[in-house]
Amino acid sequence: MESVKVFAPATVANVSCGFDVLGFCLDKVGDEIIVRKSTQPGVRITKIEGQKLPLATKENVAGVAAEALLEKHPCDFGFEIEIYKGIKAGSGIGSSAASSAGAVFGINALLGEPFTRNQLIEFAMKGEELASGTAHADNVSPALLGGFTLVRCGQKPDVISLPSPQELYATIIHPKIELRTADARSVLKRTISLEKGIQQWGNLAALVSALFMDDYDLMSRSLVDVVIEPERSALIPHFKEMKEAAIAAGALGSGISGSGPSIFNLSKGQATAEKVRQALIDSFSPVGIEFDTFVSPINKKGVQLITP
Ligand code: HSE
């Protein structure tokens with residue numbers, strides 16, 4: 001193989017109570033990445049369409065992630081990367097993670113898969129570090145592995161794939177304001193009270209249990225964030241009203257997707273997820289900010305090669 005085309009999906013990180021550790025993978029919305037072998041060693045980003053992002057390898061998340069892989073697997077040839085952005089940077093659905101994951105997945109495929117998908121997480125995290133200042137793995141893990149993932153430890157990633165209940169659907173609303181992850185992280189307090197810690201880890205453990213048990217009621221009770229959402233929700237116009245509208249329409253829970261401004265909503269069944277979408281449209285339309293919405297099943301496959 002001399003070149004591959006990759007679909008790198010959007011993802012939802014945090015999932016309310018799992019700040020920096022929990023995430024899931026979305027379907028259809030994502031970036032397309034073409035990776036080509038080149039006789040010139042190293043990594044070059046040769047084209048970016050769909051958005052204005054840096055072509056310089058060290059300033060581009062895909063470039064930095066690709067270089068991290070090649071540091072562990074030196075080659076006497078190189079790679080050219082074309083990025084077709086389907087996810088807007090600063091939207092909260094894992095834009096930088098998709099490009100980073102897509103690039104390392106494509107290179108790994110051209111190298112004959114020396115690394116497992118799980119091993120690629122460490123390289124893709126380097127892109128997250130460039131984008132947000134922190135090498136968190138809660139978007140790159142579901143982008144690479146699909147489904148729900150839990151990051152037990154971020155330093156040397158220890159990532160666990162969790163079950164994805166069959167009837168679970170996500171509804172996403174993306175208010176078209178840009179919220180940089182670095183800025184959304186800078187508003188967070190560095191310490192939390194023991195009381196909040198107890199509530200948060202109780203909810204996280206219960207949410208993980210609910211995924212294993214297919215228990216939608218427990219999922220609904222657990223989709224609560226007492227640590228991050230109270231601080232970040234002020235950055236998202238109409239957040240409280242949208243959340244209330246989604247719950248009233250039948251959503252199991254709603255929260256900030258990653259660092260926002262997108263909001264994710266989980267529902268049992270596609271029909272409810274569509275009702276939630278309509279409720280969000282009705283709620284947000286009067287605000288006067290452009291927005292997008294979509295409904296997605298949980299994507300269990302993650303990043304994939306696109307066959308020509
Ligand atoms: N866990 C990260 C955050 C995800 O919330 O800052 C960023 O997309």
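A few notes on this one:
- The chain - percent of accessible surface contributed by carbon and sulfur, probe 1.4 Å: 53
- Summed side-chain charge close to Glu2 - residues other than Glu2 whose Cβ falls under 10 Å, Lys, Arg +1, Asp, Glu -1: +2
- GNM flexibility winner over the chain from Gly50, Gly112, Gly63 (Cα, springs under 10 Å): Gly112
- Over segment 233-303, the hull volume per residue, using the convex hull of the C-alpha atoms, is 94 Å³.
- The calculated FRET efficiency for Lys28 paired with Cys153, based on their beta-carbon distance and R0 = 45 Å, is about 0.90.
- Its convex hull of Cα atoms gives the chain a direction-averaged projected area, equal to a quarter of the hull surface, of 14.8 nm².
- Rounded Å value of the spacing that divides the Cα centres of segment 121-146 and segment 17-86: 12
- Each residue was assigned an accessible area with a 1.4 Å probe, and for Thr191 the value is about 110 Å².
- Sequence ranges 193-200, 300-307, ranked by mean other-Cβ count within 10 angstrom, highest first: 300-307, 193-200
- For segment 184-308, the calculated P(r), taken from all Cα-Cα distances in 10 Å bins from zero up to the bin holding the longest distance, is 11, 37, 35, 15, 2, 0 percent.
- Kirkwood hydrodynamic radius computed over segment 1-150 comes to 14.7 Å, based on all pairs of distinct alpha carbons.
- Only helical runs count toward this figure. For the chain, summing -39,500 (n - 2.57) over DSSP H runs of n ≥ 4 and dividing by all residues gives -11000 deg cm²/dmol at 222 nm.
- Taking all protein chains into account, the per residue accessible area for segment 84-177 stands at 32 Å² (1.4 Å probe).
- Gaussian network model of the chain, springs between alpha carbon atoms under 10 Å - residue of Lys85, Lys72, Lys240 with greatest fluctuation: Lys72
- Summed side-chain charge close to Ala210 - residues other than Ala210 whose Cβ falls under 9 Å, Lys, Arg +1, Asp, Glu -1: -2
The values are calculated or read from the model by the stated rules, or taken from the named source; none is laboratory data. Computed from a predicted model, the values in this text were never measured in an experiment. Don't worry about glycine lacking a Cβ; one is built from the backbone with ideal geometry, like all the others, and counts go over all protein chains shown. Keep in mind that these areas ignore ligands, DNA and RNA; they rest on the heavy atoms of the full protein, side chains included. Shrake-Rupley method; radii C 1.70, N 1.55, O 1.52, S 1.80 Å.
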